[in-house]
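Report on the following structure.
Here, each number is a calculation from the coordinates, and none is a lab measurement. Remember, it's a predicted structure, so these values are computed and weren't measured experimentally. Backbone-built Cβ (ideal geometry, glycine too); neighbour counts: all protein chains shown.
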Amino acid sequence: MQRKRFLKDIIAGRLMLVLTVFSGLIVFLMALGLYFRSQPILAVKPLSDLLFSSGWHPLRGEFGFLPFITGTLWVTGVAVAIAIPFSLLTAIYLSEYAPRGLREWLKPLIDLLAGIPSVVYGVWGVLVIVPLIKDYIAPFYGTFSTGYSVLAGGIVLAIMVFPIIIHVSLEIFNAVPYEMREASWALGATQWQTIKHVVLRKALPGVIAASVLGLSRAFGETMAVLMVAGNVAKNPTSVLDPAYPLPALIANNYGEMLSIPLYDSALLLAALILLLVVLFFNIISRIILVRIEGSV
Amino acid sequence: MDKRKIEENIFKGLMIASTVMILSSLALIIGTVIMKGLPAMSMSMITQTPKGGYYLGKEGGVLNAIVGSLYVAGGGTLLSLLISLPMVLFLNVYVKRTSLLAVFTRFSLDVLWGVPSIVYGAFGFSIMLYLGLRASVLGGIIALSLLMLPIMSRAMDEVIRMVPQELFDASYALGATKLETAVKVIVRQTLPGILTAVLIAFGRGIGDAASVIFTTGFTDHIPTSLFQPAATLPLAIFFQLGTPFPEVQERAYASALILTVIILAVSVASRILTKRFTRNIVK
């Protein structure tokens, strides 16, 4: 009886260990798997050619990622430029000014924003943002746009990124000791001076980490961008031009590519690039966040 | 008024403005989905599968996608739970917080959390090609379970790490093994929190499109086995919106409403569970 219990314990422990190690290794398995699958194209073409040429003609064997990379950078850039100021201001307000009751009310609402599926964001973008750009914003600047543009993608992505930056920033501000604020007030500083010189200064690394997390989410987001960014494989030159970001490229073409040589390899290389960039951003921001957690 | 007061007021104004703006974007999104979706809703949308010519504006509904989504997200949640729960218990009961394995696994899961869903889709699809599987319910379940794994396990981890050390000590003092402590004490103590984590992951999975686009495929029929392709709601929305016919686009709005209602229901349910959980916890 006793022995059976201990045996069970040991067997279960081993099984759990296997599952744990497996889960910890998934990231590496994904990177390795995608790397091997993108080998065929890397063997034929140098990486620099693929990354810095613009010709995308799979039937002729030309795979230039440049327009997709610039498309991703434009859309992500616009999204981050909108998202960071708004979410930081909101996070500061919720953490430093808002009464406790209000904060407890608003937090779930902002988390709700994170729960809305990206396809619903896409539908909303098509219904609201695209016409807004086509009928008001583009004519205002005296140009024409179909509305399906970098700006539309950027706005939709910014809203999707808000809850991530706000959520992480709130935790960071929370970790700044209350005594530090009291010390600053005691010296006669106003609330805003305290925030500017004490809270923000102390929280800066964490705020950067939060923004980078948001950025990497925007970088890899697929469905919503696919629906509103226009998908024209050209380098955008203004925010009103259409763009064709990398994730949209993969989503639009995967499945059709099995009959064209090297096509699937090229798309999996695109997925690998996406994964590596996102991993890079995530690892940096997680290291910063773990440090903060450890120091408080 | 002195200069610092003016600066303070300007920034406070900006903060309130951006808070209001973010909240109104939430209201605007949900409002738009309801306003556009409700007029297009009908009983046949949720009780029928697409009939011939559905995508040209003829009769039918999206029952195939609703059922398909529930199958794939449900299966994915179950598979993910089977991996997450033992793993989280292991991390909290069997190893020390500061051990290399625990630190590494938690870090790795955090990083995994940020991987875009399209990458899960592409990776899942290459696994399926390797195994010789075609787009199917099973493929979608595999891709979604990977996508949900970091979400579910991190949420569970947050709950289980709040369990006070005394509870472990009490259980060990009674002679329980680690397994018995984990299953009979910790799981029971944190059950509402575990359910919340499961619901959060389910909500994330049912709304995700990019990971199921190649792995699950699309069909007008309700799948009857794991190896058949299935329709999913996000993709049904995407395809219907992509047709040039206004009647079909209207149905995309109705489908978006259905999906949003499911997500909101799951979210409310998990919030209620969280409230319960914090009430019952032993401190």
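Assorted remarks:
- Counted by Cβ distance under 10 Å from B:K51, the other residues give a net charge of -1, where Lys and Arg count +1 and Asp and Glu count -1.
- All C-alpha pair distances within region A:1-156, sorted into 10 Å bins from zero, spread as 8, 17, 21, 24, 16, 9, 3, 1, 0 percent across the bins.
- Order by protection proxy (mean Cβ within 10 Å, highest first), peptides B:192-205, A:19-32: B:192-205, A:19-32
- Chain B: angle of helix B:187-206 to the longest principal axis, Cα-based, in degrees nearest 10: 30
- CD proxy at 222 nm, helix term only [per DSSP H run n ≥ 4: -39500 (n - 2.57); per residue of the protein assembly as shown; nearest 500]: -23500 deg cm²/dmol
- Relative contact order of chain B, defined on C-alpha pairs under 8 angstrom at six or more residues apart (%): 27
- Per residue, the convex hull spanned by the Cα atoms of region B:35-109 amounts to 161 cubic angstrom.
- From most to least packed by mean Cβ count within 10 Å, the peptides B:244-252, B:44-52 give B:244-252, B:44-52.
- Considering all C-alpha pairs of region A:176-275, those separated by over 18 Å amount to 65%.
- Quotient of Cα Rg and 2.2 N^0.38 Å for region A:147-234, N being how many residues it contains: 1.50
- Cα extents of chain B along the three principal axes, largest first (Å): 72, 68, 33
- Membrane-span-like helices in chain A, defined purely by DSSP H runs whose alpha carbon atoms cover 20 Å or more axially and whose average Kyte-Doolittle hydropathy reaches 1.6, are A:66-92, A:150-175, A:263-295.
- Equivalent ellipsoid, chain A (semi-axes from 5 times Cα gyration tensor eigenvalues, Å): 37, 32, 17
- Taking the average, over residues, of other Cβ atoms within 10 Å as the packing measure, peptides B:236-243, B:68-75 rank B:68-75, B:236-243 from highest down.
- Within the protein assembly as shown, all pairs of alpha-carbon atoms sorted by distance into 20 Å bins from zero give the percentages 19, 53, 25, 2, 0.
- In this structure the amide hydrogen of A:W56, modeled in the peptide plane, comes within under 5 Å of the amide hydrogens of A:G64, none closer than 5 places in sequence on its chain.
- Taking the longest Cα principal axis of chain B as reference, the axis of helix B:246-280 is set at about 20 degrees.
- Measuring between their Cα centroids, region B:132-193 and region A:140-167 lie 38 Å from each other.
- Angle in degrees between helix B:3-40 and the longest Cα principal axis of chain B, rounded to the nearest 10: 50
- Tail fraction, Cα-Cα pairs, region B:232-271, threshold 15 Å, whole percent: 42
- Peptide B:59-67 is shielded by partner chain Cβ atoms: per residue, an average of 0 of them sit within 10 Å of its Cβ.
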